[in-house]
Each structure stands twice: as C-alpha cells, then as structure tokens.
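Below is one structure, written out as structure tokens; comments come after it.
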Amino acid sequence: MRVLAIESSCDETAVAIVEDGKLLSSVLSSQVNIHRKYGGVVPEIAARKHLENILFLLDEALDRASLKIDDIDIFAATQGPGLVGSLLVGLSLAKGLSISLNKPFVEVNHLIGHIYANFLSFPDLEYPFLVLLVSGGHTEILLAEDWNNFKRIGKTRDDAAGEAFDKVARLLGLGYPGGPEVEQAARNGNPIYRFPRALNEKGNFDFSFSGLKTSVLYFLKNNPEARIEDVAAAFQEAVIDSLLTKTFAAAKTYGINKIVFAGGVAANTRLRERANGIAKEKDINIYFPPIEFCTDNAAMIAMAAYEKAKRGIFSPIDTNAIPYLSIVSL
Ligand code: KG4
Ligand code: ZN
C-alpha cells in the first residue's frame, strides 16, 4: 500500500511517500527565509507560496521514489491544526488527486503526525506510552493508549515551548525561528543565571512559559552587560527543566515506562541530552524522532495516514480544514 501525503499547515510545503509504513521519499520546501524578515509567519504569503511550490514538490517526491502518480494507492493531507489558507492548499490537492484518480483520501491530524514521526525510527514501538508534544503552537503531555486514543494529562496555560523560544530569541536579538538560534547561542554560553520554573508543585502537569519570557525581558533591561549566550543558556535550561521534570513525574504517576518526544522543540540537542540522563537514572525508555522529522514534514503525515489506511479508515471528500483541531477529540 503506497500513501502519498501532503503537509502544508504552516510555512513548510512538504510531500512524502510511504510504502507499507516504509519511507520512500520525503521532500520539503521551507519558506523560512521569506518569513524571517517579518519575525514570524505571514499567513497570506504562506498560502500563496504553498500554491507556487506544491506541484513541483509532488513531482519531486514521485521522482525520488521512482513512481508515477498512478502507482499511488491513497492520498493524504493535514487537516489541522494550522493556518486555514495554508491547510487548504494541501488538502485541496490531495482531495483533487483522490477524485480524479479514483483513490481513497485520508485526513491527518498534524499533532498525531508529529507523534508518528517516531515510527520512522522505531517501527515496533508499542502502546501505551507517554508523549511530550512540544511544537510552536502546542505543549502537552499525552497518554497514548492506542493508535488513535490520546488522553491529555497536562498542557500549557499560555505560551507553547516553541513559542517561548521564538519570543525570547527576539528579545535576545536572535533570528527566526528562535529554537535553533537560542540552542546555538546557548552552546557558547553558561547557564549562570536562574530564571523561574512555573507551576512546579507536585502533581501539576500543566506548563506556563509567559512568566519566564517576561522574566528574561526584565533581566535584559536590568543587566545590559549580560552576555546573550549566557542568558540563552539559562533560559533554555529553565524550559528544559520544566518540560522534563513534569514529563518524568507524569510517567511515574501513570505507571508508564516509555516516553515519546514529538514536535519541533524535540529537535533540541540539549533537551535530548538531559532527557537521556534522566531516563538512564530512572530506568525509563525514551524515543525521539530523527532530528529532520521533528519539525514539520510530510513523512510523519504519511506514517499517520498509513495507520488509518491499513485499517480501512478513509475520509469523505468534503473534509474541510480545521484550524483549531485538537488531538484529543477523536
Ligand atoms: O513542530 P514545528 O515545526 O511546528 C509546529 O507545528 O508548531 O515546531 C516549530 C517550533 C518553533 O517554535 C521552533 O522555534 C521550535 O519548534 N524549534 C526548536 C528547535 N527547532 C525548532 N526549539 C528548540 N530547539 C530547537 N533546536
Ligand atoms: Zn508542527
């Protein structure tokens, strides 16, 4: 069974093909250089750029897999969450191909896609497991009981972890997207300052990062001589402390010994290092997607679509984009 999936929820246009759960090709065109000068994604521009790039990427994904469009059995696309104009480009193309070639169509929840990126490295990963989903728009601890059953245990009450990286990068005069920039700066710094870890009472699995961001803002105002690299390192440690303390505590509370990381922030090498250290100490198995499949891509969407398709779960052709789609309303 060959699944071709399209991802266009934000500022990456991507197409990938999997055959029986094995990745054949994955191509991506990032708009990051276009949005960088605005300090964030401009929705109108993003939708237009998806439209310009998508057909080229479709051909490229087929070429790299040495396939023709008729060799595809199922077409899939991200339904949400994301920017509505962007989502519509990928969704319309996948539905159009499905109608014209008379092949089934599968809708994919982008957040479930992020989790499924792990199956690219760990095809035999078994449920149940705990998930730390950390992206630009979401920060959640989930209990994955089965392939389509995700229970939310905790979530951010304000900013997502990736959003905090992006906002603090701006305060530090670093570029967009902020995560990789802060990580790079932190590598040349030392966490000699201490920023607050919010909501750190026992048993509280929610996150809050807006106070941390404000704390960095005031710190910079009051300490203009501080090295950006040291501030970046101290900020990064505070985010990672919150993420890992709560996730490992949740694993203990729920009696789960597997933690799966997902989303753009899971690309952070310091987070990976720290998680590995704690996992060894606590005898917990941890899983990370390959670094290039942590941030948005279509391989993860194709993997999630394959899980549905192999169970014969297809979507109606009038499926619409859902910008605020949640992971738990399945
Ligand atoms: O999952 P993703 O590509 O898009 C969403 O679905 O939101 O996540 C993007 C987020 C951005 O906020 C970006 O700054 C963050 O992930 N990010 C990182 C790193 N790489 C990307 N954060 C920390 N360290 C990184 N290396
Ligand atoms: Zn994403």
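The values are calculated or read from the model by the stated rules, or taken from the named source; none is laboratory data. As the structure is a computational prediction, the values presented were derived from the model and not from experiment. Positions of Cβ are generated from backbone atoms using ideal geometry, with glycine treated the same way; all protein chains shown enter the neighbour counts. For the accessible areas, the whole protein counts, side chains as well, though only heavy atoms, and no ligand, DNA or RNA atoms are used. Shrake-Rupley method; radii C 1.70, N 1.55, O 1.52, S 1.80 Å.
Observations on the model:
- Verdict on residue 265 being within 16 Å of ligand 2 (Cβ to nearest atom), more than 21 Å from residue 26 (Cα to Cα) and not in a loop (DSSP other than H, G, I, E, B): no
- Each residue in the stretch 27-40 was checked for being open to solvent by 40 Å² or more (accessible area, probe 1.4 Å) and within 17 Å of the chain's Cα centre (by Cα), and 2 pass.
- Scan of the stretch 11-25 for residues that are open to solvent by less than 40 Å² (accessible area, probe 1.4 Å) and either within 16 Å of ligand 1 (Cβ to nearest atom) or part of a loop (DSSP other than H, G, I, E, B) (or both), ordered by number: 11, 12, 13, 14, 16, 21
- Scanning the stretch 190-215 for residues that are within 14 Å of residue 240 (Cβ to Cβ) and open to solvent by less than 50 Å² (accessible area, probe 1.4 Å) returns 195, 197, 198, 207, 209, 212.
- Only listed residue being more than 16 Å from ligand 2 (Cβ to nearest atom), in contact (Cβ under 8 Å) with a residue 40 or more places away in the chain and either open to solvent by 20 Å² or more (accessible area, probe 1.4 Å) or outside any helix (DSSP H, G or I) (or both), chosen from 225, 281, 237: 237
- Looking only at residues of the stretch 150-176 that are among the small types (Gly, Ala, Ser) and surrounded by fewer than 19 Cβ atoms within 10 Å (Cβ to Cβ), we find that the one that is farthest from ligand 2 (Cβ to nearest atom) is 173.
- Considering (1) open to solvent by 40 Å² or more (accessible area, probe 1.4 Å); (2) under 30 Å from residue 124 (Cα atoms), the lone condition that residue 271 does not fulfil carries the number (1).
- Number of residues in the stretch 288-330 that are of a type in the set (A, V, I, L, M), touching a Ser or Thr at 6+ places or on another chain (Cβ under 6 Å) and open to solvent by 30 Å² or more (accessible area, probe 1.4 Å): the value is 0.
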